[in-house]
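To start, the structure under review is shown below, and the notes come after it.
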Amino acid sequence: FCSEPGGGLIGRKGCTGALGRTDTMMCAVYGWTEEMAFSGTSTGDVCIWRDVFLIKTVKAHDGPVFSMHALEKGFVTGGKDGVVALWDDTFERCLKTYAIKRAALAPGSKGLLLEDNPSIRAISLGHGHILVGTKNGEILEVDKSGPITLLVQGHMEGEVWGLATHPHLPICATVSDDKTLRIWDLSPSHCMLAVRKLKKGGRCCCFSPDGKALAVGLNDGSFLIVNADTLEDLVSFQHRKDVISEIRFSPGAGKYLAVASCDNFVDIYNVMSSKRGASSYITHMDWDIRGKLLQVNTGAKEQLFFEAPRGKKQTIPSLEV
């Protein structure tokens, strides 16, 4: 608690007295008088202070109380549990709670919730509505009568690295450090149409020429191809250990996929067969007598042939081997 008696700030530590040790404080507001203050803790309690003395604690949320807003005749709080709570002016009674869930979204919402009960990080109130900001990059408007409207949303922590437009439809895809792949409407509504979680942070993405598939490169050296309509996995590979920095389908039928990584390689995959070359670890290699053909045996019991130096795969009849 800081005061300014004569041009400088003087801080005093709060005294808990017989109520014991306090937890980490996540937010604080002043109350209806200058001597009253209220703070939210990491364990879900609201601490009520008079001057610098703790006089009472109230259980408000399951998990940290991240945000609190003082009203003329009460308070509104938000916590990690994804619940907004309205309180009277003494925190004696919880007047109403609003759980942020997909099923509670009003029809006019501009997008989709990433998950039910997202952690609430910011709250403001005015004109009968509560504005709520979540850790998932969403801003919602909660009407006191119940309806919840999603106003705007974006990615979460980190940077947005990948952006790809659909070849035929007014939509685009984005991927980010937040481990999500999102599809956006490019019409004036600018809302999110679909989202899925990724195992690692996304760095690049690209639609196939027909728009039916979407390739996504990740920051661990792996990439996946998903159905552009459902976002379900079609195939995934990991042949590199560094970041996949760029990914592109070949024109026309999109038969080939070029995958560039930050370890200075560009791998070209045959999308139709879902193979780059060997589908398992290499057990043996040998050159032909001219030094122009490389024979490779793999752990999947494959016998493969590649032309040197281009690395083009060759089909050799078994009778000629």
message: Just the residues that are touching a residue at least 40 places away in the same chain (Cβ under 8 Å) and surrounded by fewer than 21 Cβ atoms within 10 Å (Cβ to Cβ), please, taken from the range 198-214.
response: GLY201, SER208, PRO209, ASP210, GLY211, ALA213
message: Residue pairs, Cβ under 8 Å, 6 or more apart or interchain, first in the range 169-191 and exposed (fewer than 13 other Cβ atoms within 10 Å of the Cβ), second among the aromatic types (Phe, Trp, Tyr) and not in a loop (DSSP other than H, G, I, E, B). List them.
response: HIS190/TRP184
- request: Within the range 33-42, count every residue that is closer than 25 Å to ARG121 by Cβ and surrounded by fewer than 17 Cβ atoms within 10 Å (Cβ to Cβ).
  value: 1
task: Counting only residues that are within 17 Å of the chain's Cα centre (by Cα), among the acidic types (Asp, Glu) and over 25 Å from PHE207 (Cα atoms), give me the strands (runs of 3 or more DSSP E) lying completely in the range 134-190 with at least 1 of them.
output: 138-143
message: Step by step: first the residues of the range 227-277, then only those that are within 17 Å of LYS313 (Cβ to Cβ) and of a type in the set (Gly, Ala, Ser), then the one that is surrounded by the most Cβ atoms within 10 Å (Cβ to Cβ). Which residue is that?
response: GLY277
message: Looking only at the range 209-240, how many residues end up being touching a Lys or Arg at 6+ places or on another chain (Cβ under 6 Å) and within 14 Å of VAL259 (Cα to Cα)?
response: 5
message: Restricting to the range 102-133, and then to whatever is part of a loop (DSSP other than H, G, I, E, B) and polar (S, T, N, Q), can you tell me which residue is nearest to LEU150 (Cα to Cα)?
response: SER109
- prompt: Which residue out of PHE207, PHE249, PHE223 is of a type outside the set (Gly, Ala, Ser), at pLDDT 95 or above and farther than 26 Å from LEU113 by Cβ?
  reply: PHE223
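The values are calculated or read from the model by the stated rules, or taken from the named source; none is laboratory data. Remember, predicted model here, so these are calculated numbers, not experimental data. Every residue, glycine among them, receives a Cβ derived from its backbone with ideal geometry; neighbour counts consider all protein chains shown.
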